[in-house]
1. Using Cα centres only, tell me the gap between the range 141-170 and the range 254-321 in whole Å.
2. Out of every Cα pair in the chain, what percent are spaced more than 38 Å from each other?
3. Can you list the GluC sites (Glu not before Pro) in the range 239-274 that are in a DSSP coil and have 14 or fewer other beta carbons within 10 angstrom?
4. Determine the share of the chain's accessible area contributed by carbon and sulfur atoms, expressed in whole percent, with a 1.4 angstrom probe.
5. P(r) of the range 96-143 in 10 Å steps, Cα pairs, percent per bin?
6. What's the tally of Lys pairs in the chain whose alpha-carbon atoms lie under 28 angstrom apart, where the two lysines are 8 or more places apart or on different chains?
7. How far apart, in nanometres, would the label points at ASP303 and VAL153 be if each is projected 7 angstrom from Cα along the Cα-to-Cβ direction?
8. Check ASP309: other-chain or 5+ apart residues with amide H under 5 Å from its amide H, H built from backbone geometry?
Amino acid sequence: MKSPLLALPGAVPAEGVDEGVAAHYGDLFREQRALADGSGFVDLSHRGVVTVSGEDRLSWLHLLLTQHVSDLPPHQATEALVLSAHGHIEHALYLVDDGETVWAHVEPGTQDALVAYLESMKFFYRVEVADRTEDVAVVHLPAGSIAEPPEGVVVRETPYGRDLFLPRADLEAYAHKSGPAAGLLAYEALRVEHHRPRVGFETDHRTIPHELGWIGTAVHLQKGCYRGQETVARVENLGKPPRRLVFLHLDGSEVHLPPHGTELRLADEGPDGRKIGVVTTSVRHHELGPVALALVKRNVPLDARLVADTTAAAQEVIVAP
């Protein structure tokens, strides 16, 4: 779904899964600094929007999600995962309940599969599931923003900022009075700085929550059964995850960033060394320079010098080995 904000001056379209919104508006670092200072907004209107209404909505979602939501207070933001039967991550929901309806935004293009799964699990519960992507757009206000959301708009407030569920028809008018707009690359740079994983970037078909540090923030360990819980409990109580998320400082002299999927090796083993991990998201940060998130094998030494293809990388611990 193409955003009307791509018509703003300087807008350069994003590519891949984020197609439909602006990657930037001509000055990546200025846009990052604006967000870091609490000004501007980010167009996330390409993300899927799903709602669940009905009097059983919270108790029903509690049975399906990794998060404890049965007593979720109105207007309190949280995040939750949908796991496979084997405990692998399928969906991440960024949600809030407005007292009558649970609103969630999800990765672009994943809303159809999520709605299909939720519909298959309704049974006798008094719930209604809806895909609202066509009529509702997500807009992000950064932490520290003093901008007032439009009256009647559902707001999801987190330590990283506020997500607005804005009527899509109002998106263009909102942008004209609430600028400056910042592109998705600026938003992603701050996401990487804050070590926040993203489904489809930091995950693959076998990723489990422990590998990404999602225990506590998106996975509640003291709640009832849900699909995939056995894997979560087994890893928590009896073992360690096979991989761990790390933060990488990349060699700033390189012109190109290692893209998603670039293999990581130990620098001491040279270019023909064994693969020990993979770059998941790489960005240029306005203060930190080129940085990335990556998944590495759990037993990689914490002080090991790494190389992403030909780019030297030093790791910081996110998930402890």
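The values are calculated or read from the model by the stated rules, or taken from the named source; none is laboratory data. Every value quoted in this text rests on a predicted model; they were computed, and no experiment measured them. Cβ placement follows ideal geometry from the backbone for every residue including glycine, while neighbour counts extend to all protein chains displayed. Heads up: the accessible areas ignore ligands, DNA and RNA and are worked out on the full protein's heavy atoms, side chains in. Shrake-Rupley method; radii C 1.70, N 1.55, O 1.52, S 1.80 Å.
1. Taking the Cα centre of the range 254-321 as reference, the centre of the range 141-170 is 34 Å away.
2. Numbers: 7733 of 51360 pairs.
More than 38 Å apart: 15 percent of the Cα pairs in the chain.
3. Numbers: sites: GLU254, GLU263, GLU269; in loops: GLU254.
Here the GluC sites (Glu not before Pro) that fit, given the DSSP loop and packing criteria, are GLU254.
4. Accessible surface attributable to carbon and sulfur in the chain totals 52 percent.
5. All Cα pairs considered, the percentages come to 20, 51, 24, 5, 0.
6. Numbers: LYS2/LYS177; LYS122/LYS223; LYS223/LYS240; LYS240/LYS275; LYS240/LYS297; LYS275/LYS297.
Value for the chain: 6.
7. Distance between the two pseudo-spin positions: 5.0 nm.
8. Amide H neighbours of ASP309, under 5 Å, 5+ apart: GLU263, ARG265.
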